[in-house]
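Below is one structure, written out as structure tokens; the observations come after it.
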Amino acid sequence: MAKLHNYYVLCPLIDQKSFLGVAHDKEESSVVVSLGRNVVNKYRLSDQKQIGGWTSKDHITAPVIYDKEQDNYVGVFNNNAIKTWKEDSDNLDKIKKQKFTTNILKLIKREEESPLVVFSNGNCAALSFALDNRKSIESKALIKETEAIVNVAYYSLNNIAHICYIIKNNKDNYDILTCPLREELGDMEKTKLQRMRVTRTEDVYVVGHLIVKEKLGVYILWSDSKLTVYDFDKRNWRTIGSVPWISTFSSVSIAWMGKNHLILFGSNVEQDGAIIVAYNIVLGVGSCKYPMKMYTEGAKLYCFDNRIVLEASNHIGMLPYLVETKRNLSSLLGSHEVTTDEPTEIANWGTPTKPLFHSSEDIKALVNLGLTERNICLQIIPLLIEKNDYNRIVKVLNDFKDVPESILVLLLTYAIKLVNPNNVDVTNNVEFLRICESDLQTDGKAHHIKLNFLNYVLQIPVSDASLVPYLRNGLTLDNALFLMSYISYLLVDSEMDIQIEYESKLLDWCTLLMDAFYQQYLMTKDEKVTFVLDTMKIIVDNLVDQLMVVDSLLPKLHQTVCGKQSNNDVDELLSYTIELMEI
């Protein structure tokens, strides 16, 4: 679930009409803001301080981006020229322009490759190729004169780069255009170009749209509040749900928050102000909302470094957020309504009847029978465990997420046997560390894969209340102690890069193991039980101490951010003082 914190002003806006946009900077915590046709500034998000900037007499006509490949900043000037410069450049007017014969729409930053130059006629090319061949760039328009590109992004499908356009014509109709890109040149393979009409049978119209490369799809918000998605891979449409709290009588800006969440900005349902809504696309529900005083039509919206960056009427605003990984759904009650697709489906007799799965034929046969994921797991996974095929188990678990509790405990038992076949005593630190660090003389690499399998099983989503009885009946006390010890190793001694979600999951597993074997821990006087519980207690105490340190540091950090200096004078800390004066 998402949480939105307090709203800040990042910087004033010179002119809303000429504001171009915001882009990632070299550092993760800073952004490049193209404030107008002549001003570009760099801001650090953590303290809203300006850390650089440039001005130009030539008009900047697209958001300036940072090119990681060449360590340059790149900007579009007067619609048909590109300049590149270093961070320490102080005068953009002295930098040579490289003109093109075709107008440039925008630049798209890519992670490790050269940025893409997108032209107004729909063509594109890699920046390095475009600069070297700017006089011979394709000039034949890809879109009609009555059409305009309103959104563009690149994505990777099956390790092949693609580009996607959202195109709007003069009748307010929308099309989605996708095409693969040639690897080095960055231009389009036009023989594989595909065009899809954005339409529904109901009398509705589009109020918001977003291309999400992380989810390989285009998200469309309609005037009846329905959110639909076009899947690039499956090439079909799917309804996500109904977006609450936000009015769809006017346009809605949408951005990608990450972790299955969209952020939307628009007018509130009373239309007397604005609102920001975080929406979970997996559950199809609104996670949280944040009221705003002023609505801005077509406001540009971004998410950088866990912060929402928003174009307002006279400034650029910033709203920090946190996407939680807890499974508590109580905060979502009343945030959504059930949405169903009622249009009549027209059959296409030329399409295959079998589902387009990438799995084996045995799973396809079970899917054709209409079995649920839980039943399929019950039939497939025990057979794979008997065959000792843990690589195949991982592939099955990637296809099916609803794993029964009994199968999950069976997987845990199997994973522990793979990693610890000789049932090593957990109080023997030398032997236990050899298991955890894969320091084996015979099959170290194979053992490391088995450890990865155990880590994968520990990351499977679980239902706490339902799992405890299965843990109590399916795991032995030795297995529970080994898991507790291994989790202790991961939390403290492991060199593996553990994400916050996985760390939270590990702590949840500790709680589950304590609940499941609580009576045995109390009744057993075994030294192994005492050793494991003492170790876990030390870890928990250490984590609590660290939290207390952070809690005591927060007021000082707040004073520093607000520009206040802390006074360390002892006299100031006393309720009163006595001063002796000689007369």
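The values are calculated or read from the model by the stated rules, or taken from the named source; none is laboratory data. Just so we're clear, the structure is a prediction, and the values are computed from it rather than from any experiment. We place every Cβ from the backbone using ideal geometry, glycine too, and count neighbours over all the protein chains shown. To get the accessible areas, we keep the full protein, side chains included, count just its heavy atoms, and leave off ligands, DNA and RNA. Shrake-Rupley method; radii C 1.70, N 1.55, O 1.52, S 1.80 Å.
Considering only residues that are assigned to a helix (DSSP H, G or I) and over 25 Å from SER466 (Cα atoms), look in the range 514-528 and name the one that is least open to solvent (accessible area, probe 1.4 Å). Filtering first and then ranking leaves LYS528. Selection within the range 371-390: residues that are touching a helix residue (DSSP H, G or I) at 6+ places or on another chain (Cβ under 8 Å) and polar (S, T, N, Q). The member of this set that is farthest from PHE453 (Cα to Cα) is ASN375.
Residues in the range 228-255 that are aromatic (Phe, Trp, Tyr) and either part of a loop (DSSP other than H, G, I, E, B) or surrounded by fewer than 20 Cβ atoms within 10 Å (Cβ to Cβ) (or both): PHE232, TRP237, TRP245, PHE249.
Within the span defined as the range 84-105, every residue fails to be touching a His at 6+ places or on another chain (Cβ under 7 Å) and either part of a strand (DSSP E or B) or open to solvent by 60 Å² or more (accessible area, probe 1.4 Å) (or both).
The residues of the range 455-508 that are open to solvent by less than 60 Å² (accessible area, probe 1.4 Å) and basic (Lys, Arg) amount to a single one, LYS505. Tally time: how many residues in the range 199-223 are farther than 24 Å from TYR302 by Cα and either of a type outside the set (S, T, N, Q) or free of Cβ contacts under 8 Å to residues at least 40 places away in the same chain (or both)? The qualifying residues number 5. Annotation note: of LEU185, LEU181, LEU177, LEU142, the sole residue that is farther than 15 Å from ARG235 by Cα, open to solvent by less than 70 Å² (accessible area, probe 1.4 Å), aliphatic (A, V, I, L, M) and in contact with a Gly (Cβ under 9 Å, 6 or more places away or on another chain) is LEU142.
Here is a list: PHE119, PHE129. Which entry is of a type in the set (Phe, Trp, Tyr) and either modelled with pLDDT under 90 or open to solvent by 20 Å² or more (accessible area, probe 1.4 Å) (or both)? Walk me through it before giving the result.
Working: PHE119 fails: either modelled with pLDDT under 90 or open to solvent by 20 Å² or more (accessible area, probe 1.4 Å) (or both).
Sole residue among the options that is of a type in the set (Phe, Trp, Tyr) and either modelled with pLDDT under 90 or open to solvent by 20 Å² or more (accessible area, probe 1.4 Å) (or both): PHE129.
The set of residues from the range 439-454 being modelled with pLDDT under 80 and buried (at least 17 other Cβ atoms within 10 Å of the Cβ) comprises just one member, HIS447. In the range 335-349, is there at least one residue being open to solvent by less than 70 Å² (accessible area, probe 1.4 Å) and at pLDDT 65 or above? No; the residues of the range 335-349 include none that is open to solvent by less than 70 Å² (accessible area, probe 1.4 Å) and at pLDDT 65 or above.
Among the residues that make up the range 497-506, is at least one of them modelled with pLDDT of 85 or more and within 25 Å of ASN422 (Cβ to Cβ)? Checked the range 497-506: at least one residue is modelled with pLDDT of 85 or more and within 25 Å of ASN422 (Cβ to Cβ).
The single residue among THR535, THR511 that is more than 34 Å from the chain's Cα centre (by Cα) and open to solvent by 40 Å² or more (accessible area, probe 1.4 Å) turns out to be THR535.
Residue count for the range 256-297 under the criterion of being open to solvent by less than 30 Å² (accessible area, probe 1.4 Å), under 14 Å from the mean Cα position of the chain (by Cα) and modelled with pLDDT of 90 or more: the result is 8. In the set VAL207, VAL152, which member is touching a Ser or Thr at 6+ places or on another chain (Cβ under 8 Å), closer than 25 Å to ASN260 by Cα, among the aliphatic types (A, V, I, L, M) and surrounded by 16 or more Cβ atoms within 10 Å (Cβ to Cβ)? One residue alone meets the criteria, VAL207.
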